[in-house]
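The next block holds one structure in the form of structure tokens; read it before the comments.
The values are calculated or read from the model by the stated rules, or taken from the named source; none is laboratory data. The structure displayed is predicted, hence computed values, not measured ones. Counting neighbours? That spans all protein chains shown, and the Cβs are built from the backbone with ideal geometry, glycine included. These accessible areas exclude ligands, DNA and RNA; they are computed on the full protein's heavy atoms, side chains included. Shrake-Rupley method; radii C 1.70, N 1.55, O 1.52, S 1.80 Å.
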Amino acid sequence: MSTRALRVVAPCLAMALLSLPISCKKTGGKSAVKAAPLILERAQGGGSFDISSLAGKKPILLAFFTTWCPYCKQSMPYLQRFHEKHQGKDIELVGVDANESRDKVVGFIKEHGLTFEVLLAGDNERLSQDFPVRYLPTLYLLGKDMTILKKFEGFHPSALEEIETLIAAQ
């Protein structure tokens, strides 16, 4: 293909790709997460939070994001509505920011009106080993026993519908 043709085709292809819905790559398979404490700092209110303290109570949805990621920003209203629908009921939603400053994350929480727990990943080696993140946002659905039931890379609202189906089956 000539250089001139590439100059015409490339922008058209880019526009076509950008007009598609946000992709969501799903990976299945169960993987057990160690039951040892997994303690992260809270973004707001100070102190720390042990994700493993939720084990045995109800399924957990871990939502990994950053403040600069456009897809993460687009996912927040959906995650907030999901949280409001399920709060105190059948699943716990916990956001995890992927290594940004507390000030940035707190600003992001306020900007998006988030009321679910948001934690700071920091340089937690165990977190990155147990929950590897290649794409943002990434959602991990954990069973009551902290088993990874499903991993969603990227975001599409249909992922939350699938999560509801999976937790109803538990």
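What the table shows:
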read-out: Virtual spin-label span in nm between SER48 and ALA168, 7 Å along Cα→Cβ; value: 3.9
read-out: Sequence ranges 56-66, 102-112, ranked by mean other-Cβ count within 10 angstrom, highest first; value: 56-66, 102-112
read-out: Cα-centred dipole magnitude for the range 41-108, charges only on beta-carbon of K, R (+1) and D, E (-1), debye, nearest 20; value: 220
read-out: Average accessible area per residue (Å²) across the range 64-168 - probe 1.4 Å, nucleic acids and ligands excluded; value: 46
read-out: Label-point separation, GLU125 to SER101 (7 Å along Cα→Cβ), nm; value: 2.7
read-out: For the range 112-170, convex hull of alpha carbons as volume per residue, Å³; value: 119
read-out: Peptides ranked, highest mean first, by Cβ atoms within 10 Å: ranges 158-166, 42-50; value: 158-166, 42-50
read-out: Shape category assigned to the range 37-170 from the gyration tensor of Cα positions, a/c cut at 1.5; value: rounded
read-out: Whole-Hz ³J(HN,Hα) from phi, Karplus 6.51 cos²θ - 1.76 cosθ + 1.60, for the range 111-124, glycine and proline x; value: 4, 9, x, 7, 10, 7, 4, 10, 10, 9, 5, x, 9, 6
read-out: Built amide H within the under 5 Å cut-off of VAL96, gap 5+; value: ALA63, PHE64, PHE65, LEU119
